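First up is the structure itself, then whatever we jot down about it.
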Amino acid sequence: MSARIVNGVTVDDTFAEAFPMRGTAIVVTAVDEAWAIEAARSFTGFATSVIACGCEAAIDAILSPQDTPDGRPGVRILIFAMDSKGLEKQLATRLGQCILTSPSSACYAGLDGATRLPLGDAIRYFADGWQVSKRIGERHFWRLPVMEGEFLCEATTGLTKEAVGGGNLLLLASDAARALAAAEAARDAIAALDGCIMPFPGGIVRSGSKIGGKYKGMMASTNDAYCPTLKGTVDSALSPEIGSVLEIVIDGLSFDHVAAAMRAGLSAALALGPDRGAMRISAGNYGGKLGPHHFKLLDLLP
């Protein structure tokens, strides 16, 4: 495999392999930023991977009162699934259990589009007949009485079929501290961009996976080629000086959103150099068998 060296860091001549997803967004507001974030954190809990969680979701942006429909602090959440039906189910369940229940919350569409997914339309019957339909211009809302007062929720939000999941960067370092420093730098650069999320805890993955496994029924198992403790035991992708690997996984509303995120993360990790961060940067793929979207690292270099 050929490679290129940038700022002392080896960048593999390889690609991240990503796949089509369905995506949507919602805007959650509350009496203050802390409560808006609390509702969003609850909504996005257990949403790291479609392998077991049913969806992938995270906060896309913290919004000022000037940027929300009701002039209150808010957050924009992105949520992705493999198909529209699965996305609709996850959206309704999490809305009803995590946003409706959160003090002072309201929920609005976070994405435009002719194809719509139900928000308030999906949970309005919780009001047991006391729900009230309200239209303001072209927008449709539901008002649901709750013990605190009232929950306002937009009826629907937009759906995109252009979403892409599985963009990734593998950050290979001499030790765990340097791998984490490189991953945090990449994560922080990506977090500054809109339209993409990193759904794993803190935006970073330590337990990268491969498709399938030796045990029956396993959809995925540990990516042994990148596990430092297995060097000498498996067909390892790691040279002797690599002692730790971390991964950034990215979902975006479009191919361009994921490409921009990978470019930003790659640039930030390279800027640290091998003494403070990664010695080598690679990406995960399955030879083109997993998905049609290929993000070539060398094409993303600054």
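Using a 1.4 angstrom probe, figure out how much accessible area the stretch 214-302 has per residue, in square angstrom, rounded to the nearest whole. Don't skip to the end; give the middle numbers.
Details: 4490 Å² over 89 residues.
Each residue of the stretch 214-302 exposes 50 Å² on average to a 1.4 Å probe.
For the Cα trace of the stretch 191-302, dividing Rg by the Kirkwood Rh returns an Rg/Rh value of 0.96. Taking each DSSP H run with n ≥ 4 as -39500 (n - 2.57) and averaging over every residue of the chain yields -7000 deg cm²/dmol at 222 nm.
In this simple spin-label model, placing a label point 7 Å from the Cα along the Cα-to-Cβ direction at both residue 93 and residue 146 gives a separation of 2.0 nm. Of 216, 296, the order by accessible heavy-atom surface (1.4 Å probe, DNA, RNA and ligands excluded), from most exposed downward, is 216, 296.
As a fraction of the 1.4 Å probe accessible area of the chain, surface on carbon and sulfur atoms comes out at 54 percent.
Remark: the stretch 176-189, residue by residue, has Karplus-estimated 3J(HN,Hα) of 5, 5, 6, 4, 5, 4, 5, 5, 5, 5, 5, 4, 5, 5 Hz, where x stands for each Gly or Pro and the curve is 6.51 cos²θ - 1.76 cosθ + 1.60 at θ = phi - 60°. The figure for residue 221 is an accessible area of roughly 20 square angstrom, using a 1.4 Å probe on the protein chains alone. The convex hull around the C-alpha trace of the stretch 1-71, projected and averaged over every direction, spans 8.4 square nanometres.
Magnitude of the charge dipole for the chain, about its Cα centre and with charges confined to Cβ atoms of Lys, Arg (+1) and Asp, Glu (-1), is about 620 debye. Once both labels are positioned 7 Å from their Cα atoms along Cα-to-Cβ, the gap between residue 256 and residue 66 label points is 2.5 nm.
Excluding ligands, DNA and RNA, the accessible surface per residue across the stretch 1-144 is 47 Å² with a 1.4 Å probe.
Under 5 Å from the amide H of residue 163 lie the amide H atoms of 21, 23, each residue being 5 or more positions distant or on a separate chain, with H modelled from the backbone and absent for Pro and chain starts.
Amide H contacts under 5 Å for residue 110: 25, 26, 27, 158, restricted to partners 5 or more places along the chain or on a different chain, H placed in the peptide plane at 1.01 Å from N. With each label modelled as a point 7 angstrom along the Cα→C-beta vector, the residue 299-residue 162 pair spans 1.7 nm. Its alpha carbons give the chain an Rg and a Dmax of 20.8, 66 Å. Within straight-line reach of residue 85, meaning a Cα separation under 17 Å, sit the following aspartates and glutamates at least 8 residues removed in sequence or on another chain: 56, 121, 162.
The values are calculated or read from the model by the stated rules, or taken from the named source; none is laboratory data. All of these numbers come straight from a predicted model, not from anything done at the bench. Neighbour counts run over all protein chains shown; Cβ positions are idealised from the backbone, glycine included. For the accessible areas, the whole protein counts, side chains as well, though only heavy atoms, and no ligand, DNA or RNA atoms are used. Shrake-Rupley method; radii C 1.70, N 1.55, O 1.52, S 1.80 Å.
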